[in-house]
Amino acid sequence: METSLVFFPQLNMCESKEKAFFKLIHGSGKEETSKEAKIRAKEKRNRLSLLVQKPEFHEETHSNRSGQLAKETRVSPEEAVIWGESFDKLLSHKDGLKTFTTFLKTEFSEENIEFWIACEDFKKSKDPQQIIIKAKAIYEKFIQNDAPQEVNLDFHTKEVISKSITQPTLHSFDAAQSRVYQLMEQDSYTRFLKSDIYLDLIEGRPQRPTNLRRRSRSFTCTEFQDVKSDVAIWL
């Protein structure tokens, strides 16, 4: 009996040592595998970094985007010529609106057309709850001081909107929309008609690469998760 008491603890000790040994070996393998994986990941990142730094990589990407834009519009020279007849005809044409927005992005002033589009959609609202929600969103996005995409309005116009925003009507933004429309018609539209973007279209030339950027997230229908929009295009 005494022998067995002495014998079994020795076996347990041997088994513990063997288990510890195998765990050490197994753990070492995992560590080695983890190190190799990290090395491979680092090499992959380095290769990708070198690829991105190559000028031809940027040129190809930029060219693809420009080609995609041209493919999406598919505007005939005849259609583009009509846009030059009046600012209203430009905005009333789906592709004209898209092309003009692209131009405004190159001038860092796309907030004007996005505000105008938002107002057009707002005026089609029928449900009282829609009117309140959309009015507040437009005010916070385009009107209030330091808004993400603040449009250029005089103090009086902004003050009137600010006081009426708690009980908005379908005409709450009429004065502001009219002001922004005039700014675009008298200023941006004139430059648009002389731009390469427009001249290439009326002459049937492939569109050239344009340097686009977004200062902030666009005003989209997703900002109204429970509100149905009556406009098909939100930029």
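The values are calculated or read from the model by the stated rules, or taken from the named source; none is laboratory data. All values reported here derive from a predicted model rather than from experimental measurement. Neighbour counts run over all protein chains shown; Cβ positions are idealised from the backbone, glycine included. Surface accessibility is based on the protein's heavy atoms, side chains included, excluding ligands, DNA and RNA. Shrake-Rupley method; radii C 1.70, N 1.55, O 1.52, S 1.80 Å.
Extension gain, R191 to S86: 0.36 nm times the residue separation minus the Cα-Cα distance gives 36.5 nm.
Residue separation of I132 and F155 scaled by 0.36 nm, minus their Cα-Cα distance, works out to 6.0 nm of gained length. The GluC sites (Glu not before Pro) found in the stretch 80-111 that occupy coil by DSSP, while having at most 13 further C-beta atoms within 10 Å, are E85, E107.
Calculated FRET efficiency, E203 to T169, Cβ-Cβ distance, R0 = 45 Å: about 0.50 to the nearest 0.05. Using C-alpha pairs below 8 Å separated by at least 6 residues, the relative contact order for the stretch 77-203 is 30 percent.
For the set K136, K141, K124, solvent exposure ranked by accessible area (probe 1.4 Å, protein chains only) runs largest to smallest as K136, K124, K141.
Counting heavy atoms of the protein chains alone, R179 has an accessible area of about 100 Å² for a 1.4 Å probe.
Counting only protein heavy atoms and a 1.4 Å probe, the stretch 82-200 has 48 square angstrom of accessible area per residue. Close Lys pairs in the stretch 77-203 (alpha-carbon distance under 15 Å; sequence gap of 8 or more, or different chains): 8.
Rule-of-thumb check for the stretch 77-203: C-alpha Rg over 2.2 N^0.38 Å?
Its radius of gyration relative to the 2.2 N^0.38 Å reference: 1.13.
Taking the 1.4 Å solvent-accessible surface of the stretch 75-159 as the whole, the part contributed by carbon and sulfur is 51%.
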